[in-house]
Amino acid sequence: MVGKFFEPVALRTCCHPAIIAAVTGPGRVERLQLILTRDGPTCVWCGRAIDTALVRATTEHVVPRLKGGPSWLENEVAACGRCNGRRGHRNLTEWADECELNGWSVDRARLVRVLESLEARIAAEGGQRRARPYITSQLRRLRRQLS
């Protein structure tokens, strides 16, 4: 057992596939499909259609892992590979401002929805102490910009 998850090799030999999925959670491809279904097939940063032959869809952590953001669906949005790679570990609102300076249409309402969902899950489950101040400050800035 690794942390609260089981070793995938041990699970494959003894468990039903539904049990394996419940214990290990969705993989990267499955998470991306869930995110595209939830948010639509556009990049949150530039608004381009993604998951096409020309534009690769990626999962983008709204709260970067470096700042304590978890790999939960509530912390991920769909972004094109270009935007995801350029953002790096930059602050959420600073990167959104930079994208708009480039003439891209940032979906700030989607960012607020995702951050509120993440905040609610953290409140329900606890933990994620490092991410909480970041979420609070980014939500405050985004809400101010949307008003």
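The values are calculated or read from the model by the stated rules, or taken from the named source; none is laboratory data. Everything numeric here is computed off the predicted structure, so don't read it as measured data. We place every Cβ from the backbone using ideal geometry, glycine too, and count neighbours over all the protein chains shown.
Brief remarks follow.
- The set of residues in the stretch 61-120 that are in contact with a Lys or Arg (Cβ under 8 Å, 6 or more places away or on another chain), surrounded by fewer than 16 Cβ atoms within 10 Å (Cβ to Cβ) and closer than 21 Å to residue 131 by Cα comprises 71, 89.
- Considering the stretch 63-81, and only residues there that are in a helix (DSSP H, G or I) and without any contact (Cβ under 8 Å) to a residue 60 or more places away in the chain, the residue that is farthest from residue 30 (Cα to Cα) turns out to be 66.
- Against the test of being modelled with pLDDT under 95, among the aliphatic types (A, V, I, L, M) and either surrounded by 14 or more Cβ atoms within 10 Å (Cβ to Cβ) or not in a loop (DSSP other than H, G, I, E, B) (or both), the options 21, 53 yield a single qualifying residue, 21.
- Number of residues in the stretch 98-125 that are farther than 13 Å from residue 146 by Cα and either assigned to a helix (DSSP H, G or I) or of a type in the set (Phe, Trp, Tyr) (or both): the value is 17.
- Scope the stretch 32-50; condition part of a helix (DSSP H, G or I) and under 13 Å from the mean Cα position of the chain (by Cα); matching residues: 32, 33, 34, 35, 36, 38, 39
- Selection status of residue 95, under 13 Å from residue 46 (Cβ atoms) and either in a helix (DSSP H, G or I) or modelled with pLDDT under 95 (or both): yes
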